[in-house]
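Shown next, in structure tokens, is the structure this report addresses.
The values are calculated or read from the model by the stated rules, or taken from the named source; none is laboratory data. What you see is a predicted model, and the numbers here were worked out from it, not measured in a lab. All Cβ positions, glycine included, derive from the backbone under ideal geometry; neighbour counts span all protein chains shown.
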């Protein structure tokens, strides 16, 4: 890591364009500069469409047609790349640049063993014998920390866990001793605990091997965790670039400031996230109308228990018609008990597969419990539900892109439940209600005339919320409502949900894997692990004095902006 | 990638699709107005005479301008015979597609939506059925019909038997596709939202899922129309389809086949050419629709 | 893996039971077996005697069990038309059909796979554009028209090749083969091309679409990112993944091939099982039809078992689960 070495990556004035079918040109990357020194982790961040992935693809020679580099230069370890062809065919990807992709489940070929995939690159690029390659492969497996490396070499990808696969992917990227690694969202598909391990591995590799890493990510927490320098991109251009600490704690550019302000903090609870308010006269009037409609039955916050869940158990995998196919039962939820009070936002948090979504689906009636009681406003919820119960319990889902029927106009989609529950006497009246609801969630009233594809992810999620409010529910179940959204959109949506809770007197069951989001939103929280609640407490208590080891572990591993300061303290 | 995904017709100009559309439109008009357009009525014995038998097409030596495509062994004008044959072929093809699609869409929706036992039963039946190729099943049904109903009845009811015989395992394709799409849609959040809202199953299936699976159904229907016409032609060619008294294109080719070695090639080749052009046009349009609306749908 | 195979075995048995039941129903209830077997003008007593002799007076379940027993011992009844045991008829004609189907399959795989790969890798090359347009014509051309045109050109006009029959055969005891004589081989050319053309189109299209799918997958992108040579990625990595569904479909297509063998055999008067079947439909010769149904059902189940077993060898995900 001496300063005399040339930078492993030196991008000057890089411009990437996509000619469009219409004859226009989409400039995906606008004249950016980027330098990475050996042993340095450089994070490239931005929201979707910012052009960060295109930069990564350009320097690996993976630009997809018709995209091409129109100007600029890329030097890798002091060697310039020949750009005359319009493509980056001058470098040998794999030997000079290693790559790590987002999804370890699909990055490995399912038909070949780990050893095959580790060795093929070395055999191609390094001109070494199969025995040497195998020996190196074994070293690499040890270096990335896979248990039983000897045995795992002979395994197929499907026999490894997600974390192990990503380690294999990293080992493959390292196989030919590249000086630069491009990691495109390397931990986005992974759980918090695995993410922490993989990030540590990348950090160690940079420190010990002097590899430069270009880390493409949307997650500020990940940046704070391991990056030395940060470049923030917006619409293909660099907005701000500098040492991670400076950019994250004192951003200068306005966009950088909004972006970082929108990241929910994990160490404090804010009344509202500091993003521009969208309250206009129209919105406020619409919200007044919604408040008047919802008056009956929805009192202010109180200690009255609205939803009471006792010893809930859910099992999946009943027998099938085919004889011989054995009944295998998977217990997704094991004896879970909690309650939600009127006007409260109750949080369920845990890693993927912990059963939190199953709990939500069971309460919503999408899944039937195998045992246990759900008591909702005096009704016991089982397989069959009264109309009034269904009406009072509505849900907002995770994926905004599948939450709306692509063949239905928005106002019809929102009007449908209103008509179904006879809250409007005719279609025109229901569509008027739909318009009011759209305005209340911050969309223009005429948005209803269009179809779902005309809207962005955040807008669609607002529409989904408007639809859920249509039947005038007393309880809203939110299953990861913001995890598919960019951070600034997430902040606005979280603020909106809080407003609506106050406005319509809703109780909420809020499910998320993101501790920071949970902290901002919830009054009380239950932490789930393997189908059980391990800890249930007030938000402040849980974050300041966690009792259970697992909660502490989650809190310790959760990436967050504050990490950068911790890291500094540690190194000081 | 977007480029690579485009299929077959990517390099052919859309002109080919336009031509195919045009051919289909012309054929449709011909089929509907066949009795008015055809120079003579092939079923009316008085309208043709043995004097005119075995005349080659008008563009060949010995041709007769009255008979553009020549005449058959009974002196019937081939243009007229083919027009009426085309009519029968198209009618049976469309009938089979409609019947199979209606049955398949219904079963596929129900199986995909409810899953479980309903799904298993429907799909196992489908599995057993597709173990047997359409032609084989259709031939069996034709044979059974002959044995059970007697030859006269079979001749009268030939179109109905054919439609049934062709759709009896063609519905499986619709059912499988619709079931698969339905299962995808059911797991989508908008369907789950509709369930949480409390809408009844029937309404969710018809109003929310059906419109979203219809585009694949339309594509399969177009591609299957070609298949159904071919199957009908093959059955008729094998003598298990339309009788010579009400010939479809397949029957005409069967008749012409007997004269192949006597040099009267046009009696078989002319209807065969019309059949191939018809099916080709349907396929070109079907392929185009598939690429346009549902590129993931597998070519079958 | 053993569990998977046993599930498949159970499914296969289910299919066979269903097929046997249908064959039995046809055999027993379609038409009147007695009426078609007795001589004309037989008395009622004679008919009753025959009915009893055939076991048709017993209860239906007993008859079904009897039928299954007969099937298992290879007794498939007597043809109405030929008055011979159906088993003998089928066995006599089996070699002709098998030789035709095997040659056609080999032809279509040998040509279809390379063409499919080519048109996926180089979609703009002249040859792939030509073949792609040709496949469209290919799937639009009914098998019998292909056969007809081939006969017209090569048998009627050019007189190069025979238009019907199997030519001279060599008797190998149980098997009469056309592979060993010149006229046998010449006779095989037109029918096998006719049958292969239909199959070829399907295989080509399938290989192409699978190859395109695989090429856009993450692990192939990752392989490019590791700088592996193109030829290696295409031939070793991608093709192997793309050929997996081809194995299944080729297996499934055998059924289609048998069906289209019926058509091809009829066009070329090829003395195989298909021709026997077409003639039986027209007669109608119910024992032959139900026996043929059983045969195809069995063949299909058998081939699917082989495909499943083959799969467990190709796909590591099945081997170790």
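Observations on the model:
- Among the numbered conditions (1) closer than 19 Å to residue C:223 by Cα; (2) in contact (Cβ under 8 Å) with a residue 40 or more places away in the chain, the only one that residue A:199 does not meet is (1).
- Any hit, region C:225-246, residues being in contact with a helix residue (DSSP H, G or I) (Cβ under 9 Å, 6 or more places away or on another chain), closer than 27 Å to residue C:146 by Cβ and without any contact (Cβ under 8 Å) to a residue 60 or more places away in the chain: yes
- Checked against (1) surrounded by fewer than 19 Cβ atoms within 10 Å (Cβ to Cβ); (2) in contact (Cβ under 8 Å) with a residue 24 or more places away in the chain; (3) in contact with a strand residue (DSSP E or B) (Cβ under 6 Å, 6 or more places away or on another chain), residue A:369 passes all but a single condition, namely (1).
- Only a single item in (1) at pLDDT below 90; (2) within 28 Å of the chain's Cα centre (by Cα) is not met by residue A:358, and it is number (1).
- Any chance residue A:167 is modelled with pLDDT of 80 or more, more than 9 Å from chain C (Cβ to nearest Cβ), surrounded by fewer than 20 Cβ atoms within 10 Å (Cβ to Cβ) and on the phi < 0 side of the Ramachandran plot: no
- Where residue C:89 falls short, out of the listed (1) within 29 Å of residue C:295 (Cα to Cα); (2) away from chain B (no Cβ under 13 Å); (3) more than 24 Å from the chain's Cα centre (by Cα): (3)
- Scope region A:391-410; condition surrounded by fewer than 24 Cβ atoms within 10 Å (Cβ to Cβ) and either assigned to a loop (DSSP other than H, G, I, E, B) or at the interface with chain B (Cβ under 7 Å from one of its Cβ atoms) (or both); matching residues: A:391, A:398, A:399, A:401, A:402, A:406, A:407, A:408
- Residue count for region C:156-196, restricted to those that are under 16 Å from residue C:269 (Cα atoms) and part of a helix (DSSP H, G or I): 14.
- Of the residues making up region C:289-321, those that are within 17 Å of the chain's Cα centre (by Cα) and within 14 Å of chain B (Cβ to nearest Cβ) number 18.
- Residues of region A:170-186 that are out of contact with any strand residue (DSSP E or B) (no Cβ under 8 Å at 6 or more places or on another chain) and modelled with pLDDT of 85 or more: A:171 alone.
- Verdict on residue B:39 being assigned to a loop (DSSP other than H, G, I, E, B), under 28 Å from the mean Cα position of the chain (by Cα) and either closer than 21 Å to residue B:219 by Cβ or at pLDDT 70 or above (or both): yes
- Test: residue in region B:137-150 that is farther than 30 Å from residue B:43 by Cα, modelled with pLDDT under 90, away from chain A (no Cβ under 14 Å) and in contact with a helix residue (DSSP H, G or I) (Cβ under 6 Å, 6 or more places away or on another chain): yes
- So residue C:185, is it farther than 13 Å from residue C:105 by Cα, away from chain A (no Cβ under 14 Å) and touching a residue at least 12 places away in the same chain (Cβ under 8 Å): yes
- Yes/no for residue A:364 being within 8 Å of another protein chain (Cβ to nearest Cβ) and within 13 Å of residue A:307 (Cα to Cα): yes
- Listed by position, the helices (runs of 4 or more DSSP H) inside region B:189-300 whose residues that are within 14 Å of chain A (Cβ to nearest Cβ) and more than 30 Å from residue A:358 (Cα to Cα) number at least 1 are B:210-237, B:266-293.
- Check on residue C:204, within 30 Å of residue A:178 (Cβ to Cβ), more than 14 Å from chain A (Cβ to nearest Cβ), touching a residue at least 12 places away in the same chain (Cβ under 8 Å) and surrounded by 20 or more Cβ atoms within 10 Å (Cβ to Cβ): no
- Search result, residues across region A:378-390 that are buried (at least 21 other Cβ atoms within 10 Å of the Cβ) and at the interface with another protein chain (Cβ under 8 Å from one of its Cβ atoms): A:390
- On inspection, residue B:147 does not qualify as in a helix (DSSP H, G or I), touching a residue at least 60 places away in the same chain (Cβ under 8 Å) and under 19 Å from residue C:284 (Cα atoms).
- Given (1) facing chain B (nearest Cβ under 7 Å); (2) under 22 Å from the mean Cα position of the chain (by Cα), index of the condition residue C:132 fails: (2)
- Residue within region B:92-103 that is within 14 Å of chain C (Cβ to nearest Cβ), under 17 Å from residue B:237 (Cβ atoms) and at pLDDT 90 or above present: yes
- Residue in region C:117-129 that is surrounded by the fewest Cβ atoms within 10 Å (Cβ to Cβ), counting only those that are in a helix (DSSP H, G or I) and more than 7 Å from chain B (Cβ to nearest Cβ): C:126
- Looking only at residues of region A:119-156 that are in a helix (DSSP H, G or I) and facing chain C (nearest Cβ under 10 Å), we find that the one that is surrounded by the fewest Cβ atoms within 10 Å (Cβ to Cβ) is A:123.
- Hits in region B:127-138 (condition: more than 12 Å from residue B:232 (Cβ to Cβ) and either crowded, with 19+ Cβ neighbours inside 10 Å or in contact (Cβ under 8 Å) with a residue 24 or more places away in the chain (or both)): B:128, B:129, B:130, B:131, B:132, B:133, B:136, B:137
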